[in-house]
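FYI, it's all coordinate maths here, none of it is from the lab. Every value quoted in this text rests on a predicted model; they were computed, and no experiment measured them. Every residue, glycine among them, receives a Cβ derived from its backbone with ideal geometry; neighbour counts consider all protein chains shown.
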Amino acid sequence: MKKFIITATLLLSGFISIKAQNQYPEWLKSAVFYQLYPQSFKDSDGDGIGDLKGIESKLDYLHNLGVTAIWMNPIFESPFRDAGYDVSDFYKIAPRYGNNNDLLALLNAAHKRGIKICLDLVAGHTSDKHPWFKASAQADSNEFTHRYIWTSSKDILPGSFFIKNDFPRNGNYLKNFFDYQPALNYGYAQPDPAKNWQEPVTAPGPTATREELKKIIAFWMDKGVDGFRVDMAFSLIKDDENLVETKKLWTEVRAWFEQKYPQGVLIAEWSKPEYSINAGFHIDFMMHFGVPGYPSLFFNKWGTFKSQNPFFDKRGDGDFSDFWNNYKKQLELTQGKGYISIPSANHDFQRPNCGNRNSTQELKTVMAFLLTWPGIPFIYYGDEIGMRFIENLPDIEGSILPDGNNRAGTRTPMQWDKTANAGFSIAQKIYIPIDPAPNRPIVEQEDADKNSLLNFVKALIKLRKDNPALGNDGKVEAL
Ligand code: NOJ
């Protein structure tokens, strides 16, 4: 009898946990994402920077391409020292992109075409111009004193991530990425009582930060947004060995989120699916950092991050095993609980068309791999027409990383047609240079050419949709 009860309990708890893990929205099973860099997609008002109305005007293009969801990089108010990843108001669209009502209009127009829209949630830090940080940097204590992580004296500098400063508060603050991106205080996994800036995750400061995070999510979800890509999702809780507390945080957020927004999705920028997906994210990437493998597929001697002899090189002597072995392991550890995405590129690293990988045939090969692979495809804007990574651009809105690698070359304006600025903008001066090549790929031309990369990508997306074996839940073996 006792044996039976134990077995029944185990079975039941197994059943419950399997069910809970499978509660992801049905639409994800056939989703094809398109990552769109809002400042570089389409400028509707002629100020040289892309905007929400511009995006809205191109929804038919995206619909015809066959994508079913968009992730946009941050569109919130910001001084744009890190291209919008330095938010100064989480509840307001940056004027250069439009206003909150323009987002509602975009959502509406996208939803009419069956396209979902996910925003970018910068969960781990703000701009140093954010009013919360300005208040936190005051000498007197106030509501935001514990919203960030400060030492109790300007003489204490516990490591290079603490930033010396001239703010009135007697302390140094912890940054999360660039110096002007102070880390929000979600607490420390194992606070050392001798270091009084290390608060437990349950202390009032970290608790308030966590609640604010949910408030931001709810604010936009209640307006009809379909989910979020979470910037540096791994970074919230400090000194967190094996990310135990960080995973607990996201598990809690997911439970709350799923109950309130069962159709919503959470996408991690973590690049460690075994952690992120098991913590509750619906999607995580394998890309330029984290679990190894992606660079061995694509990175050659050019681009933001240089490497050599990638698998997708026409010499054909690259090695697939680094990617495959790591991918297989991640898949085994996450199967049925969420999706691993292998993106074509993103705003932080080079596109497939990079250096000597530049022919339509080579790019078709890359796209054939990405769009028949299981998991959720993420096409980075412009990769469907084979836009080039542009070398040697200046530092634009923080594109150059602290290690000197430049991301600007992957952020250049979308190339639409033969008019000035390739139809991106009518402005004399655009905020970032465009590919200057006279034969730069453009949508207009590729649309009309049945052998183009664009039409090949369209056909691949259709093939994927028509054949579940090639879809998000397809099985894969490396031979
Ligand atoms: C990751 C983002 O992808 C990157 O563009 C940004 O600079 C950092 N996080 C800091 O938010």
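Which of the chymotrypsin sites (Phe, Trp or Tyr not before Pro) across the range 292-323 are loop residues per DSSP, with 13 or fewer other Cβ within 10 Å?
Of the chymotrypsin sites (Phe, Trp or Tyr not before Pro), not one in the loops of the range 292-323 has a Cβ with at most 13 other Cβ atoms within 10 Å.
Please identify which residues in the range 165-181 have an amide N closer than 20 Å to a label point set 7 Å out from the Cα of A203, following the Cα→Cβ vector. Backbone N within reach: 165, 168-177.
Quick check on the chain: what does the Kirkwood estimate of hydrodynamic radius come out to from the alpha carbon pairs, in Å? Taking the inverse mean of 1/r over all distinct Cα pairs, the chain comes out at 23.4 Å.
So which chymotrypsin sites (Phe, Trp or Tyr not before Pro) in the range 78-172 end up in coil per DSSP with only 16 or fewer other C-beta atoms within 10 Å? Mind showing how you got there, number by number?
Values: sites: F80, Y85, F90, Y91, Y97, W132, F133, F144, Y148, W150, F161, F162; in loops: F80, Y85, F144, F161.
Answer in residue order: F161.
Of the trypsin sites (Lys or Arg not before Pro) found in the range 432-477, those that fall in a DSSP loop while having at most 14 other beta-carbon atoms within 10 Å are K450, K475. Computed from point charges on the beta carbon alone (+1 for Lys and Arg, -1 for Asp and Glu), the dipole magnitude for the chain about its Cα centre is near 980 Debye. For the range 304-328, the residues whose backbone nitrogen is under 13 Å from a point 7 Å from the Cα of L401, taken along Cα to Cβ, are 304-307. Evaluated at q = 0.14, 0.15, 0.25 Å⁻¹, a Debye calculation over the C-alpha positions of the range 392-479 (equal weights, vacuum) places log10 I(q)/I(0) at -0.75, -0.80, -1.14. Using alpha-carbon positions, what is the distance between the centroids of the range 120-173 and the range 304-355, in Å? Between the Cα centres of the range 120-173 and the range 304-355 lies a distance of 37 Å. Note on the range 71-188: lysine pairs with Cα distance below 29 Å, sequence gap of 8 or more or different chains, count 14. Partners of K42 within straight-line reach, counting aspartates and glutamates whose Cα lies under 12 Å from its Cα and excluding those fewer than 8 residues away in the same chain: D51, E56, D417.
About the centre of its Cα atoms, the range 125-183 shows a dipole size close to 80 debye [charges on the beta carbon of Lys, Arg (+1) and Asp, Glu (-1) only; nearest 20 debye]. Placing +1 on each Lys and Arg Cβ and -1 on each Asp and Glu Cβ, with no other charges, gives the range 250-317 a dipole about its Cα centre of roughly 280 debye.
If both residues of a DSSP beta bridge must be in the chain, then about 30% of such bridges are antiparallel. The A368 and L59 beta-carbon pair, evaluated with R₀ = 25 Å, returns a calculated FRET efficiency of approximately 0.45. Ranking L119, I400, A69 by how far each Cα lies toward the positive end of the dipole of the chain (charges on Cβ) leaves A69 at the top.
Site pair S153 and E391 shows an inter-label distance of 5.2 nm when each label is modelled 7 Å from Cα along Cα→Cβ. Model label sites at D449 and E332, defined 7 Å from Cα along the beta-carbon direction, differ in position by 4.4 nm.
Between the residues S321, A478, F177, the greatest Cα displacement towards the positive end of the dipole of the chain, with unit charges on the Cβ of Lys, Arg, Asp and Glu, is found for A478.
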